[in-house]
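Working notes, beginning with the structure itself.
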Amino acid sequence: MFLLVLATSFTSAALTLTEINVPVNSTHGSTINVEVSLLSDSNYTNLTWDGSNAAFDVSSLPLEITEDETINFTVELTVSEDAGIFSADLKVKDSISSDGDLITISTTVLENKELSVTSATLSGDSTTITITNEGNVNLENIVLTSSIGNFEINFSENNFNLAKGATKEVTVTLVNEDSDLIGTNTLTITATAEDGTSSTGIITRGAGFCEAIPSLEDLRIKSIDISNRGMEHITFGEEEKWYPFEEIEVTVELENRGNNDIEDIEIEWGLYNKELNEWVIEIDEADKVDLDEDDELEVTFSFTLDEGDLEIDLDELTNGNDYELYVRAIGEFSEGDNEGEQTCVEDKESAEVVIEDDLLALNEITFNEDITCDSKLTINTEVWNIGEDKQKDFYIRVSNNKLGISEEFEFEDLKAFDSEDLIINLEIPGNLDEGKYDLKFELYDKNDDLYEANDEEAEFYVRLNVAGNCEVKPTLDISATLQEAREGKEAEIIVEVTNLGDSTQTFDLSLASYNSWVESYELSTDYLVLRGGETKEIVITALIKDDVVGTNEFELLLTSDDGIETQPIEVEVVKNSGLFGFTGLSIGGNVYASSLTVLILILVIIILVLLIVRKLRK
């Protein structure tokens with residue numbers, strides 16, 4: 001919709017201005033585009049333009065027109081700041097003939113209520129902000145308020161009026177601030193008029209960790225070294241990349257570069273979250289030391305990302321590089337020009353806390369590490385969901401093959417950053433060697449996949465020290481017989497293996513430590529399954545190398561899921577010629593058998609000796 005205007009010609013000239021398009025409404029102080037047409041019934045080459053009150057920008061309007069020509073053009077019009085009907089005249093005239101025309105353009109300037117508040121930095125005790133009425137309506141009873149933060153402020157003036165376009169400067173003064181204020185802190189300033197018109201600004205307060213204590217340069221934090229010690233039994237993170245429940249160890253190296261001793265140096269630290277704008281671990285004192293001139297020392301402290309050390313709940317930890325570990329050292333000169341004066345130095349290291357979507361952890365694993373054979377072991381722990389998503393249908397497996405342990409503990413669901421107690425009862429068998437045994441813990445999701453974070457799978461070991469009341473019962477009995485063993489020939493060794501236990505045992509068979517005297521060998525079977533009490537025979541055919549005479553040994557290896565049983569077997573090899581050849585073998589150092597040939601040879605020798613003696617008597 002457009003306003004109709006009255007075009008008035010001040011001569012009978014043949015120049016005619018006509019409105020084409022004018023915005024009905026406009027914003028105060030804005031520039032609008034007005035579309036106009038110019039019609040001529042003669043040739044004009046010296047046109048001039050004029051806009052009343054300089055409201056029109058006529059710099060680009062046409063300067064000549066030919067007979068019967070119509071020129072459509074757009075002209076910019078700057079409207080008033082005041083609300084209501086705004087009108088302005090646009091006039092064209094030929095400077096030679098004085099022919100011309102005038103047109104009045106009108107638009108409605110809308111009422112606008114608007115405030116602005118500048119932001120400022122409070123570096124000292126005070127600063128100045130400016131409140132401006134940006135609208136075209138007078139505003140009354142403007143009240144200033146501030147948000148709640150780590151510091152408090154007052155305003156030099158409050159509850160005032162502002163005419164349209166007017167400004168007011170107000171002094172902002174620091175009233176109170178937290179003693180542990182660090183980094184960049186902000187308050188939001190709100191200006192609100194009686195009719196509800198409002199605007200906001202920001203007051204920024206920067207603070208160093210040393211606060212107002214000066215640094216007199218002699219004292220210096222040389223380095224801050226961070227080590228991620230991980231959880232109790234597993235580490236997902238890195239030096240500056242942390243997961244919940246991981247222990248972080250920090251070593252601070254402090255140096256006195258001056259010529260005067262500094263005493264009572266308080267080394268303090270805290271963990272700050274820039275996103276939350278608060279300390280997630282409050283400032284704490286790590287140590288109090290003295291430092292001689294031109295000397296240095298190290299101080300170590302540690303903390304854990306759990307609810308014991310954190311000032312916030314685990315589910316309030318933010319995911320990302322929002323964390324800064326601050327360290328400061330505040331001491332007093334005990335001599336020199338600055339005797340009695342305090343000095344402070346500070347430094348910081350950035351860190352990342354990682355919150356995975358899906359991750360479980362075991363926390364507070366407690367058990368009796370020293371345990372006897374044939375007893376019960378109880379393990380208490382907390383199962384924590386340290387991921388952002390709820391976990392369903394997961395399970396934990398605890399196992400050790402040598403202890404005969406393989407147990408699974410299933411869970412229906414666990415909410416994010418929630419925990420559930422787990423009690424594990426295990427039977428330690430009596431038939432064990434005393435020693436150390438590692439229980440394997442594996443944490444599986446509903447898809448039977450191990451939980452994983454930072455390329456580290458959620459599995460770890462807990463070591464048990466088993467001693468006392470242990471009775472090792474042999475599980476196998478092995479014996480062997482040999483027909484004969486001669487150099488350069490094949491020897492056949494028959495081994496009998498008996499399962500002394502009650503349960504079935506399965507073994508892979510192989511030989512070891514034979515290369516020095518056996519060219520090659522064959523086993524009648526390389527796989528052995530023995531039920532409880534069952535005996536089976538293994539035939540070993542070995543090709544003995546040439547020039548191998550005397551006692552030789554090889555090992556029979558029986559490999560199972562529980563480990564490797566090694567049985568040494570000694571074989572006596574004789575030369576491949578001669579009447580008095582002798583062969584035999586032993587297992588574990590005990591001779592088990594001699595061949596029938598040996599007995600026959602002994603009898604022959606005895607008979608020969610008797611014949612020789614009888615002949616000599618004659």
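The values are calculated or read from the model by the stated rules, or taken from the named source; none is laboratory data. Since the structure is predicted, the reported quantities are computational estimates derived from the model, not experimental observations. Neighbour counts run over all protein chains shown; Cβ positions are idealised from the backbone, glycine included. Each accessible area value is taken on the protein alone, full model and side chains, heavy atoms only, with ligands, DNA and RNA left out. Shrake-Rupley method; radii C 1.70, N 1.55, O 1.52, S 1.80 Å.
Details
- Residue-count net charge about K402 - beta-carbon cut-off 10 Å; Lys, Arg +1, Asp, Glu -1: -4
- The stretch 174-279: C-alpha gyration tensor shape, a/c 1.5 cut-off, then a/b vs b/c: oblate
- From the largest down, the chain spans 183, 80, 50 angstrom on the principal axes of its Cα atoms.
- Compared with the dominant Cα axis of the chain, that is its longest principal axis, helix 596-617 is turned about 30°.
- Ratio of the Cα radius of gyration of the stretch 384-524 to 2.2 N^0.38 Å, where N counts its residues: 1.65
- Radius 11 Å from Cβ of I226, net charge of other residues (Lys, Arg +1; Asp, Glu -1): -4
- With DNA, RNA and ligands ignored, accessible area of E492 (1.4 Å probe; Å², nearest 10): 90
- The distance between label points at T535 and T108 comes to 11.7 nm (points 7 Å beyond Cα on the Cα→Cβ vector).
- Accessible area of the chain divided out per residue, in Å², using a probe of 1.4 angstrom: 52
- The stretch 286-436: proportion of alpha-carbon pairs further apart than 23 angstrom, %: 61
- Mean Cα-pair separation over length for the chain, i.e. relative contact order, pairs under 8 Å, 6 or more apart, %: 7
- Under 13 Å, Cβ to Cβ, from D421 - net charge with Lys/Arg +1 and Asp/Glu -1: -4
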